[in-house]
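Take a look at the structure set out below.
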Amino acid sequence: TQLLEQSPQFLSIQEGENLTVYCNSSSVFSSLQWYRQEPGEGPVLLVTVVTGGEVKKLKRLTFQFGDARKDSSLHITAAQPGDTGLYLCAGPVTTDSWGKLQFGAGTQVVVTP
Amino acid sequence: ETGVTQTPRHLVMGMTNKKSLKCEQHLGHNAMYWYKQSAKKPLELMFVYNFKEQTENNSVPSRFSPECPNSSHLFLHLHTLQPEDSALYLCASSHGARQPQHFGDGTRLSIL
């Protein structure tokens, strides 16, 4: 089983601070996806990283895929209350012909004004 | 508007009841999924349908019965559920294998 471990489980910060959350595995993934799930809603895709070492930016969010494609990080600069949510990483299970997604348990981020 | 609509949003039922969850996608996707989301646990994939054909049944108890009449609609029929089945049930769709998935907002299920 290709497990994805996310850390920390919970993060509470003040508006304007920076934060980083991590997604780690002992297995290689062909790609990783990051989702954000806000209270009362389903997860929404933020980004997909495909190439080892790739860095993608989405406004104040910076996503990095590890060189070995076993880990990824999400850095938020100057966090806003609207960044509050559960951040999930997911990757396709390579041993599965359909390529179903394996999800991590998520990092709950709370940004207070 | 997520493009994937789930009803009802909340459901409270007794262990002897029979109910159904509904999912509809308006994105033209060919694959649809049911997930179970419990607190502090990864999303658990329950069922996958590709072009109306079930391609995955992830060792889900028979008290959960999926139905996919066409590529746009997916149902989850529930009967004789247990308290541990209380969770958020999410439906998702995608263009195909390994593609990003679009989720509905889920049905919050509580078993009394």
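Quick notes on this one:
- Scanning region B:8-33 for residues being more than 16 Å from residue B:99 (Cα to Cα) and assigned to a strand (DSSP E or B) gives a total of 11.
- Region B:47-75 - residue that is within 14 Å of residue B:104 (Cβ to Cβ) and not hydroxyl-bearing (Ser, Thr, Tyr) and, of those, surrounded by the fewest Cβ atoms within 10 Å (Cβ to Cβ): B:73
- Criterion violated by residue B:90 - all others in (1) without any contact (Cβ under 8 Å) to a residue 60 or more places away in the chain; (2) in contact with a strand residue (DSSP E or B) (Cβ under 6 Å, 6 or more places away or on another chain) satisfied: (1)
Residue-by-condition table, conditions (1) within 22 Å of residue B:37 (Cβ to Cβ); (2) out of contact with any strand residue (DSSP E or B) (no Cβ under 7 Å at 6 or more places or on another chain):
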site	(1), (2)
A:21	yes, no
A:25	yes, no
A:50	no, yes
A:55	no, no
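- Residue within region A:22-30 that is part of a strand (DSSP E or B) and of a type in the set (Val, Ile, Thr) present: no
- Residues in region B:24-39 that are touching a Gly at 6+ places or on another chain (Cβ under 8 Å) and within 11 Å of another protein chain (Cβ to nearest Cβ) were compared, and the one that is farthest from residue B:78 (Cα to Cα) is B:31.
- Filter pass, residue A:64 being away from chain B (no Cβ under 14 Å), of a type in the set (S, T, N, Q), within 14 Å of the chain's Cα centre (by Cα) and not in a loop (DSSP other than H, G, I, E, B): yes
- For region A:37-61, a residue qualifies if it is within 11 Å of chain B (Cβ to nearest Cβ), open to solvent by 20 Å² or more (accessible area, probe 1.4 Å) and either closer than 20 Å to residue A:110 by Cα or in contact with a helix residue (DSSP H, G or I) (Cβ under 9 Å, 6 or more places away or on another chain) (or both), and the qualifying residues are A:38, A:39, A:40, A:41, A:44, A:45, A:46.
- Residue that is farthest from the other protein chains (Cβ to nearest Cβ) [pool: residues in region A:83-103 that are at pLDDT below 95 and not in a strand (DSSP E or B)]: A:95
- Residue in region A:71-82 that is within 11 Å of chain B (Cβ to nearest Cβ) and either open to solvent by 40 Å² or more (accessible area, probe 1.4 Å) or part of a loop (DSSP other than H, G, I, E, B) (or both) present: no
- Unique match (being more than 11 Å from every other protein chain (Cβ to nearest Cβ), more than 16 Å from residue A:42 (Cα to Cα) and either among the acidic types (Asp, Glu) or open to solvent by less than 10 Å² (accessible area, probe 1.4 Å) (or both)) among B:78, B:11, B:21, B:112: B:78
The values are calculated or read from the model by the stated rules, or taken from the named source; none is laboratory data. Remember, it's a predicted structure, so these values are computed and weren't measured experimentally. Cβ: placed from backbone, ideal geometry, glycine included. Neighbour counts: every protein chain shown. The protein model used for the area step is the full one, side chains on, heavy atoms only, and it has no ligands, DNA or RNA in it. Shrake-Rupley method; radii C 1.70, N 1.55, O 1.52, S 1.80 Å.
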